[in-house]
Amino acid sequence: MVLLLQPQKSWFIIRKYRAGMSNNELIHPTAIIDSSAVIAPDVQIGPYCIIGPQVTIGAGTKLHSHVVVGGYTRIGKNNEIFQFASIGEVCQDLKYRGEETWLEIGDHNSIREHCSLHRGTVQDQSLTKIGSHNLLMVNTHIAHDCMVGDHNIFANNVGVAGHVHIGDYVIVGGNSGIHQFCKLASYSMVGGASLIVKDVPAYVMASGNPAHAFAMNVEGMRRKGWSKEVIQGLRTAFKLIYKEGLTTVEAVERIRQEILPTVAEAQLLLDSLEQSERGIVR
């Protein structure tokens, strides 16, 4: 084995004259890895991957070929990142001036081909954060300063603009766009080819360009085994918000008085309504 150092770039390339892998059989000899990177012993790194400065990769994670981790990125355990994904690259915000900002990725995520996940900016918390157990299908873009929870699914070609907050168990249909600073609360669902320019409350399904709310995600609730009483209570809450001609403030008060005492799940809906800053989809 030969270790070729390039101090001016602080990169190292591990090569082996015999056919096959380097002395670490899980790292392909064509991979370029910055000397500051911290990589767990069982991480698999495929051909022509590039790992930049200040990167941490947790145990059980696999990078297929041609993955670029730009730098200042913390990747957790048991993630799978497919070919041509760009992870932790500098953001596209024109205000960015090279400050140290970060990307954090949790555990058990599947990040498919051509996804791009950018680091944060100092105008927010200097951090873009992806939780655990998420599926990012082909060509998903997560922009700077986004906060993404757990168990979410982003279908092909979804674009998420900067500063967007997404809860847990959210599904975003293919070719949809999420406007900057929007919030998609937990258990919400966005139909394919939709444009989200307002916040989507918890449990609500929205679709269209621009998107409108049209129902509760009842099928998702059934698949999770929620009781008929809970589902009916949340459907009644939806009617109060969207069908009774009430203001959001009035609907919140009615839900709190009439539904929350027997349906605890309504609290998540109330929180998403009260925390909305852009207003909700109608």
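Every residue in region 90-142 that is surrounded by fewer than 21 Cβ atoms within 10 Å (Cβ to Cβ), small (Gly, Ala, Ser) and within 14 Å of His163 (Cα to Cα), please.
Passing the criteria: only Ser126.
Would it be correct to say that Ser188 is polar (S, T, N, Q), touching a helix residue (DSSP H, G or I) at 6+ places or on another chain (Cβ under 9 Å) and buried (at least 18 other Cβ atoms within 10 Å of the Cβ)?
yes
Which of the numbered conditions does Val158 fail, given that it passes all the others? Conditions: (1) of a type in the set (A, V, I, L, M); (2) assigned by TED's automatic domain parsing to the domain that holds Ser116; (3) surrounded by fewer than 24 Cβ atoms within 10 Å (Cβ to Cβ).
Among (1) of a type in the set (A, V, I, L, M); (2) assigned by TED's automatic domain parsing to the domain that holds Ser116; (3) surrounded by fewer than 24 Cβ atoms within 10 Å (Cβ to Cβ), the lone unmet condition for Val158 is (3).
Ser65: farther than 15 Å from Ile105 by Cα, in contact with a strand residue (DSSP E or B) (Cβ under 8 Å, 6 or more places away or on another chain) and either modelled with pLDDT of 95 or more or surrounded by 16 or more Cβ atoms within 10 Å (Cβ to Cβ) (or both), yes or no?
Working: farther than 15 Å from Ile105 by Cα: yes; in contact with a strand residue (DSSP E or B) (Cβ under 8 Å, 6 or more places away or on another chain): no; either modelled with pLDDT of 95 or more or surrounded by 16 or more Cβ atoms within 10 Å (Cβ to Cβ) (or both): yes.
For Ser65, the condition - farther than 15 Å from Ile105 by Cα, in contact with a strand residue (DSSP E or B) (Cβ under 8 Å, 6 or more places away or on another chain) and either modelled with pLDDT of 95 or more or surrounded by 16 or more Cβ atoms within 10 Å (Cβ to Cβ) (or both) - is not met.
The values are calculated or read from the model by the stated rules, or taken from the named source; none is laboratory data. Everything numeric in this text was worked out from a predicted model, so none of it was measured. Here Cβ is always computed from backbone atoms with ideal geometry, including for glycine, and neighbour counts include all displayed protein chains.
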